[in-house]
Amino acid sequence: MKNALFACAALAAVMCAPSAYANQELAQKKNCMACHSVDKKLVGPAYKDVAAKYAKDKDAVKKLSEKIVKGGSGVWGPVPMPANTQVSPAEAEQLAKWVLTLK
């Protein structure tokens, strides 16, 4: 019985743990990677740079989620980020959380 409970707990921990691969896969699926990369600037900033800029902002997930869905401008230069109509609010939150884990 102890082993079964331990196995269930271990499986739950693995399934609930943030997965960079799964979220990068979502970013690719939703065309985020057309303008962004994890570690270098393309059209938009590198995700590692975004994570560094918002590292101490307690509202970062909310701010970034909104920018993903609605778009934005002026934070990273003159090129505006268009709204991503392919991303649901829940997906935007997942993507924002993933970006903020990058170092």
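Each reported figure results from applying straightforward, stated rules to the coordinates on display, with no laboratory input. Quick caveat, the model's predicted, so the values are computed rather than measured. Methodologically, a virtual Cβ is constructed for each residue, glycine included, from the backbone with ideal geometry; neighbour enumeration extends over all protein chains shown.
At-a-glance table
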| quantity | calculated |
| --- | --- |
| Taking all pairs of distinct alpha-carbon atoms in the stretch 20-101, Kirkwood radius in angstrom | 12.5 Å |
| Projected label distance in nm at residue 88 and residue 101, using a 7 Å step from Cα toward the beta-carbon | 2.0 nm |
| Under 15 Å from residue 58, Cα to Cα: aspartates and glutamates that are on another chain or at least 8 residues apart | 66, 93 |
| About the Cα centre, charge dipole magnitude for the stretch 20-101 (Lys/Arg +1, Asp/Glu -1 at Cβ), debye | 140 debye |
| Cβ-defined net charge surrounding residue 51, 12 Å radius [Lys, Arg +1; Asp, Glu -1] | +2 |
| Amide H partners (placed H, <5 Å) of residue 54, local residues excluded | none |
| Highest average packing first - 26-32, 57-63, Cβ atoms within 10 Å | 26-32, 57-63 |
| Relative contact order (%) - the stretch 20-101, alpha-carbon pairs under 8 angstrom, separation at least six | 31 percent |
| Set of lysines near residue 41 by C-alpha distance (under 17 Å), chain-local residues within fewer than 8 positions excluded | 53, 103 |
| Calculated FRET value between residue 22 and residue 76, using beta carbons and R₀ = 25 Å, to 0.05 | 0.45 |
